[in-house]
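Asker: Would you mind keeping the following structure in view while I ask a few things?
The values are calculated or read from the model by the stated rules, or taken from the named source; none is laboratory data. Remember, it's a predicted structure, so these values are computed and weren't measured experimentally. Cβ sites come from the backbone with ideal geometry, for glycine too, and all protein chains shown count toward neighbours.
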Amino acid sequence: MRALITGGAGFIGSHLAEALIARGDDVFILDDLSTGSVENIRHLKSSEKFHYTFDSLQNRHLLAEMVDESDVVFHLAAAVGVRLIVESPVRTIETNVNGTQLVLDAANKKKKLVLVASTSEVYGKSKEVPFREDSDLVLGPTTKGRWSYAASKALDEFLALSYWKEKQLPVVVVRFFNTVGPRQTGRYGMVLPNFVSQALENAPITIFGTGQQSRCFCDVQDSVQSIMRLVDSGKAVGEVVNVGTDEEVTIEDLAHVVKQRTRSSSPVTHTPYDEAYEPGFEDMLRRVPSLEKLERITGFRPRTPLNAIVDRVVAHFREKEKLAASNGDSLEEPVAAVQTRAQEAS
Ligand code: UDP
């Protein structure tokens, strides 16, 4: 199979590329490197099955050509990370909505199967856990920037499902719940890489809010397995499917797990949301997927336990640390530098 991955130099995209190549597929990635990085795919470059193009989805001719040459499109390119979303809402909305529209339009010409990556954020403030794919979405007001991400992704879902209903374009919509693993960066605010890098430096582990909010963390390899199986099954076309685990952990407990697994002497601190993000920031207390549909369609359910995930992330950070020390580099680029590069790229 020939697969196109938009956002293929990103965290999930690079793991997907790896898994597809491992089973013998040809992989083409299109990435504008706004949040993805060359580092994520360096190890794949030597494979003759791997092809990369660094450009924007806005390059319509290129996109059309790449879609034409593929059997399936994994559309993962998107603005991600709560911090990025709060700080660059225009970019978030434009990237998510325009990008998906361009991909669906290109795929529609020859009716190529498209997997559209959405997010558990679309469930918003709903308290009806576990979240089922047909549950109501409960978003906050438009005056609160955080919700622009959920709304932009919900619009992506509507668009994809409309292409299926109206134009018979085969689409699969997946809602990723908190996905973690090696190569995820803490730059855009994601909690696990932040906690691990803080713990390894014996710096304060910064819990935002009370720490009683909970999440379910899914190993990226399990997420990748899930979406490959959804596409392979042929039974997910026209469907929305949750992808994640239902092992729930509070952020307070996560901080202590990370501290314990790294044997860190970091203090665990609490920062109010207003300071961590922006005044009036709203967080969701619980976010748990129903995995019934995923399991029914694929016969698969992500099961990697939290301790194993944390250990893998810690090992990755240690590896990076060693490499950085031998090159004399700093570990994580400062957020300001990333923002500037992202603005330049957009
Ligand atoms: N969080 C935290 N400290 C951090 C980063 C995040 O306590 O350094 C919290 C965040 O407020 C949220 C949870 O961890 O309640 C998960 O955050 P993340 O951005 O990883 O994903 P989200 O579930 O919010 O999309």
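Asker: Tell me, which strands (runs of 3 or more DSSP E) lie completely within the range 161-252 with 3 or more residues that are more than 10 Å from the ligand (Cβ to nearest atom) and buried (at least 19 other Cβ atoms within 10 Å of the Cβ)?
Answerer: The qualifying strands (runs of 3 or more DSSP E) are 171-176, 239-243.
Asker: Can you tell me which residues in the range 144-153 are within 12 Å of the ligand (Cβ to nearest atom) and either out of contact with any strand residue (DSSP E or B) (no Cβ under 8 Å at 6 or more places or on another chain) or not hydrophobic (A, V, I, L, M, F, W, C) (or both)?
Answerer: 146, 149, 153 - these are the residues of the range 144-153 that are within 12 Å of the ligand (Cβ to nearest atom) and either out of contact with any strand residue (DSSP E or B) (no Cβ under 8 Å at 6 or more places or on another chain) or not hydrophobic (A, V, I, L, M, F, W, C) (or both).
Asker: Can you list residue pairs whose Cβ atoms sit under 6 Å apart, with the first residue in the range 138-150 being assigned to a helix (DSSP H, G or I) and the second being hydrophobic (A, V, I, L, M, F, W, C)? Count only pairs 6 or more apart in sequence or on different chains.
Answerer: Cβ pairs passing all conditions: 147/139; 148/93; 149/85; 150/122; 150/139.
Asker: Could I ask something else about it? Tally time: how many residues in the range 107-127 are over 19 Å from the mean Cα position of the chain (by Cα) and buried (at least 23 other Cβ atoms within 10 Å of the Cβ)?
Answerer: Summing the residues that are over 19 Å from the mean Cα position of the chain (by Cα) and buried (at least 23 other Cβ atoms within 10 Å of the Cβ) in the range 107-127 gives 1.
Asker: Further, regarding this structure: Pairs needed: first member in the range 98-126, closer than 29 Å to residue 288 by Cα and assigned to a strand (DSSP E or B); second member anywhere, among the small types (Gly, Ala, Ser) and within 16 Å of the ligand (Cβ to nearest atom); C-beta distance under 7 Å; at least 6 residues apart or different chains.
Answerer: 117/78; 124/140; 124/150
Asker: Of everything in the range 282-303 that's buried (at least 20 other Cβ atoms within 10 Å of the Cβ) and not aliphatic (A, V, I, L, M), which residue is farthest from the ligand (Cβ to nearest atom)?
Answerer: The qualifying residue farthest from the ligand (Cβ to nearest atom) is 298.
Asker: So which residues in the range 74-103 are buried (at least 24 other Cβ atoms within 10 Å of the Cβ) and more than 16 Å from the chain's Cα centre (by Cα)?
Answerer: Scanning the range 74-103 gives a single hit, 103.
Here is a yes/no grid of residues against (1) surrounded by fewer than 14 Cβ atoms within 10 Å (Cβ to Cβ); (2) touching a Ser or Thr at 6+ places or on another chain (Cβ under 8 Å):
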site: 23; (1), (2): yes, no
site: 30; (1), (2): no, yes
site: 40; (1), (2): no, yes
site: 43; (1), (2): yes, no
site: 50; (1), (2): no, no
site: 53; (1), (2): no, no
site: 56; (1), (2): no, no
site: 66; (1), (2): no, yes
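Asker: Output yes when any residue across the range 274-285 is under 25 Å from residue 18 (Cβ atoms) and either outside any strand (DSSP E or B) or not β-branched (Val, Ile, Thr) (or both), and no when none is.
Answerer: Within the range 274-285, none of the residues are under 25 Å from residue 18 (Cβ atoms) and either outside any strand (DSSP E or B) or not β-branched (Val, Ile, Thr) (or both).
Asker: Does residue 156 satisfy being more than 10 Å from the ligand (Cβ to nearest atom), part of a helix (DSSP H, G or I) and not aliphatic (A, V, I, L, M)?
Answerer: yes
Asker: Out of 54, 11, 28, I need the residue that is within 16 Å of the ligand (Cβ to nearest atom) and either in contact with a Pro (Cβ under 8 Å, 6 or more places away or on another chain) or at pLDDT 95 or above (or both). Which one?
Answerer: That would be 11, the only listed residue that is within 16 Å of the ligand (Cβ to nearest atom) and either in contact with a Pro (Cβ under 8 Å, 6 or more places away or on another chain) or at pLDDT 95 or above (or both).
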